[in-house]
Amino acid sequence: MNTYDSVFQLLANYIEEDPDDLVNFYDDAMNLIRGAAADKNIEFDGYFRTRWEISADTIFEFDEEYFEDEDRRDLYVFLAALVDEDIFSYLHYMWQFVFHQELTEEIIETRIHELKEKGVTF
């Protein structure tokens with residue numbers, strides 16, 4: 001099974017575990033998609049790969065809160081979905097279950113704008 005198929009299989013497993021718990025499904029799916037984007041070396045303003053490598057090299061500066069910030073994670077995933085077809089496909093799959101609508105670039109751009117308006121940065 002290739003990486004593309006395995007990510008979809010994991011997403012399907014998440015939703016099958018508890019189809020009524022969409023909050024946890026969203027959180028688990030976004031973390032998985034973030035990992036898939038990081039594996040593809042997709043990076044914005046030093047987030048994710050560069051910051052991770054710096055933190056890993058200097059254990060005293062490892063900033064767990066930085067990487068666990070859900071808004072930052074979501075911003076990264078939304079930006080990655082605009083530049084990578086696979087990431088967009090994963091996000092689209094998850095989006096249909098959680099929000100019961102087709103994901104479009106306009107929706108992604110709106111979410112990016114909302115997060116940036118909140119002051120979310122890398």
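You can think of it this way: the chain between D39 and D27 has 2.5 nm of extra reach, that is 0.36 nm per residue less the Cα-Cα gap.
Scalar couplings 3J(HN,Hα) for the range 11-17, obtained by applying the Karplus form with A = 6.51, B = -1.76, C = 1.60 to θ = phi - 60°, are 4, 5, 5, 4, 6, 5, 4 Hz; x denotes Gly and Pro. A simple spin-label model places the labels of F99 and H113 1.3 nm from each other, with each point 7 Å out along Cα-to-Cβ.
Pulled fully out, how much extra length does the chain show between Y4 and F122, if you take 0.36 nm times their separation in residues and subtract their Cα-Cα distance? Don't jump to the answer; show the numbers that get you there.
Numbers: separation 118, 0.36 × 118 = 42.48 nm, distance 2.64 nm.
Extra length available between Y4 and F122 comes to 39.8 nm.
Throughout, read-outs are computed from the coordinates displayed, never taken from laboratory work. Note that the structure is a prediction, hence the values are computed from the model and not measured. Note that we place each Cβ from the backbone using ideal geometry, even for glycine, and neighbour counts take in every protein chain shown.
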